[in-house]
Amino acid sequence: MSARLPLRDLLREKGLLSREVIAADVGGRVVDLHTPVDADATATPITVTDPRGLAIIRHSTAHVMADAVQRLFPGTKVTIGPAIEDGFYYDFDRVDGNFTDDDLAKIEKAMRDLIKNPSPFKREVVTREQALEMFEKMGESFKVEIIRAIPEGEEISLYSHGAEGSTWVDVCEGPHVPTTSYLKAVKLTHVAGAYWRGDERNPMLQRIYGTAFPTKEALEEHLRLVEEARARDHRKLGKELDLFMFDAVAPAMPFFLPRGTFVYNALVGYVRDLYRVYGYDEVITPLAYSPELFKKSGHLENYADNMYRLWTEDEWDKVDEEADHRGGVTGAHEGLAAHSFCLKPMNCPSHCVIFGSRRRSYRELPWRVADFARLHRYERGGVVHGLARVRSFAQDDAHIFCSIDQVPDEISSFISMLYEVYQSLSFVRVDVKLATRPAQRIGTDEEWDRAEKALAEGLEKAGLAFEYAPGEGAFYGPKVEFHVLDALKRSWQLGTIQYDPNLPERFDLSYIGEDGKEHRPVMLHRAVLGSLERFFAVYLEHCGGNFPLWLSPTQAVVLSVSEKSEDYARKVTDELREAGVRVEADLSADKLGAKIRNARLMRQPYMLVIGAKEAEDGTVGVRSRDKGELGAMSVADVTKLLLEEGRSPKAGHRKGVAAPATS
RNA sequence: GCCACCUUAGCUCAGCGGUAGAGCAACGGUUUCGUAAACCGUAGGUCUGGGGUUCAAGUCCCCAAGGUGGCUCCA
């Protein structure tokens, strides 16, 4: 066995140590300078600007924050405090109240004071017994629980920092920065509740979120990006651009205003164009159903908490009658549950009803049935979020009934369509995940093997690189998820295609095969945009309200310079409208500068300025939202420009072309 | 659902025990103006709703609704 020495010494020997280096990659593991490693180990230095280095800074900052919190609020117990995507958090159990924004400011100041006199982080290895005794004595019951959960045989390390005599210690596997002097730019952002160990049966802890960077400049840059994201927030843009609204009379159910409705319908129209090319049949189905349907589909058993129920006076009477029979009101709840109609939360049962309504032949398969029906799901109060998570929405939903042999082709064709849509909507990067069998599931292992293989084959057929997401599948079958990155590099799951042998079984669906015998079809659930409401939110933030011309509710706005050119402005507006351009006119008494400002705030794609000069020459002064001033153009040329640029993407341009592999 | 916070004019926000405010928008008037905000005036409010404390409540307390940030959930 080779000798061991702290990584710091190893790096120094090799001349790899500098002020910028705070850790190293040793055999794929991130090891800080405090930790002993084999003397002959290969170590690749990690600097403060490396993403892994950044995580170390943040994690160490979390320790200093916990230190500050316990100084300011004695009796507060610590739990865990990891680095996360853009910062860190630490969960506390505070006995005497909650953290306020004022507290955050105090904590931040206390942290700065602690950092002002730099002290080294120190690492110490202790036995399980020592650790337990220590934290029990400190009354840190959560830490004791954590120590107990550390697997037997694993090293238990303590990290401490702080001036001699007032050090702060935490059981922690690291890694950490060499000294607190590396913590230069810290900002506490907000407080939130969080369950201990993420389980809602456990007590609620108080989580403080913060972020940290190697330099003040980097922190400021980050805060600027946060600010930018806030300015693009779809809820803010929705209000500013008159796209949609909410009202307490229908909580978490959006009202789309005329401009938003245009965009929504244009998206649906585009998907419909694709359906023609890709061989889908669209249907229109009821929104409300007898509970019998959802009993059969299993939704009442598994999904009742999320379902809206409806009743009529007749149904109430039936409930009363039954209660009378039993001699009282007992059972009214069951009665209501048995009789009241259900607002559908999903389209699949409706489509099973259609498929099962008559005998089907193998010649009809695959049958792709699309539906834009409005769905209602009761989402718990705390989870709704603007348009991104609502209780009333529609999906670009379709179900494909087919034989299992047809699954790979269906997947591959679906992927062509999906990539076509994402490209048209300028989502550059797509990550694909294949979610496989979860622990709780129905069906045999052989069935799962077949289903997962069929999906993987489809992906390969489409030439797609994908990752597995083990255990993330639905209880009835595996699924493929498509995640896109938006303009602000946030990831959203939009499309999905899921394999479902369960519903055909429950609805006893069958088709007559070539052999004249009955066969059970499988069903694929699929959506490209997913919830249209959520997609609307994602896309609105992606484009920052700058809709491309084909999606823009208004394509051009005519701005008159003064009253003198009003008549010509009207004439041009009428001509454009007749040619099929969505045009508005601003003939108000405002000055041109104000009109341009208003049009820009509304993200109008084209501004057509009309003054005496244009009236005389029979032209318009064209100013583009995206390209700036384009100069004078004839009305005919502008019309041509707007109509051409305003065409919706041509459907089917990718049909039959394999999708590119994504990285 | 849980924890915290928020809700004042159409919008954005100020006021934090002592007679409800500003800017923008709206409306009326003046101005007719050339590429991101003309000027003057008018109107607009059960301060989310309901209880309470107080001589006095947007302001303090309780309850409810809606929203926000997290957590949990997301067939």
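The values are calculated or read from the model by the stated rules, or taken from the named source; none is laboratory data. Please read these numbers as outputs of a predicted model, since none were measured by experiment. Here Cβ is always computed from backbone atoms with ideal geometry, including for glycine, and neighbour counts include all displayed protein chains.
Worth pointing out:
- Residue match in segment A:572-595 (condition: in contact with an Asp or Glu (Cβ under 8 Å, 6 or more places away or on another chain) and of a type in the set (Lys, Arg)): yes
- If you check A:Arg8, A:Arg12, A:Arg19 for being in contact (Cβ under 8 Å) with a residue 24 or more places away in the chain and either among the hydrophobic types (A, V, I, L, M, F, W, C) or not in a strand (DSSP E or B) (or both), only one passes: A:Arg8.
- Number of positions in segment A:578-596 that are more than 24 Å from A:Leu641 (Cα to Cα) and either hydroxyl-bearing (Ser, Thr, Tyr) or without any contact (Cβ under 8 Å) to a residue 12 or more places away in the chain (or both): 5
- Count - residues of segment A:92-128 that are more than 33 Å from the chain's Cα centre (by Cα), acidic (Asp, Glu) and more than 16 Å from RNA strand B (Cβ to nearest atom): 2
- All positions within segment A:442-460 that are touching a helix residue (DSSP H, G or I) at 6+ places or on another chain (Cβ under 8 Å) and assigned to a loop (DSSP other than H, G, I, E, B): A:Ile442, A:Gly443
- The sole residue among A:Phe73, A:Phe92, A:Phe88 that is of a type in the set (Phe, Trp, Tyr) and surrounded by fewer than 20 Cβ atoms within 10 Å (Cβ to Cβ) is A:Phe73.
A quick yes/no check of all residues on (1) charged (D, E, K, R); (2) under 20 Å from A:Asp32 (Cα atoms):
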residue: A:Ser160; (1), (2): no, yes
residue: A:Asp170; (1), (2): yes, yes
residue: A:Val186; (1), (2): no, no
residue: A:Pro214; (1), (2): no, yes
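- Summed over segment A:1-39, the residues that are farther than 20 Å from A:Leu183 by Cβ, in contact with a helix residue (DSSP H, G or I) (Cβ under 9 Å, 6 or more places away or on another chain) and of a type in the set (Asp, Glu) give a count of 2.
- Residue that is nearest to A:Tyr539 (Cα to Cα), among those in segment A:484-513 that are at pLDDT 90 or above and under 16 Å from the mean Cα position of the chain (by Cα): A:Leu494
- Taking the listed residues A:Lys564, A:Lys571, A:Lys640, A:Lys613, the one that is over 41 Å from the mean Cα position of the chain (by Cα), of a type in the set (D, E, K, R) and away from RNA strand B (no atom under 14 Å from the Cβ) is A:Lys571, with no other qualifying.
- Checked against (1) modelled with pLDDT under 90; (2) away from RNA strand B (no atom under 15 Å from the Cβ); (3) surrounded by 13 or more Cβ atoms within 10 Å (Cβ to Cβ); (4) within 25 Å of the chain's Cα centre (by Cα), A:Phe256 meets all criteria but (1).
- For beta carbons closer than 9 Å, sequence separation of 6+ or different chains, a first residue in segment A:201-215 that is without any contact (Cβ under 8 Å) to a residue 12 or more places away in the chain and a second that is within 9 Å of RNA strand B (Cβ to nearest atom) and not small (Gly, Ala, Ser), the qualifying pairs are A:Arg201/A:Tyr195; A:Asn202/A:Tyr195; A:Asn202/A:Trp196; A:Met204/A:Tyr195; A:Met204/A:Trp196.
- Extreme residue, modelled with the highest pLDDT, among residues of segment A:72-120 that are part of a loop (DSSP other than H, G, I, E, B) and charged (D, E, K, R): A:Arg94
- Condition check for A:Tyr362: of a type in the set (Ser, Thr, Tyr), at negative phi and within 15 Å of RNA strand B (Cβ to nearest atom): no
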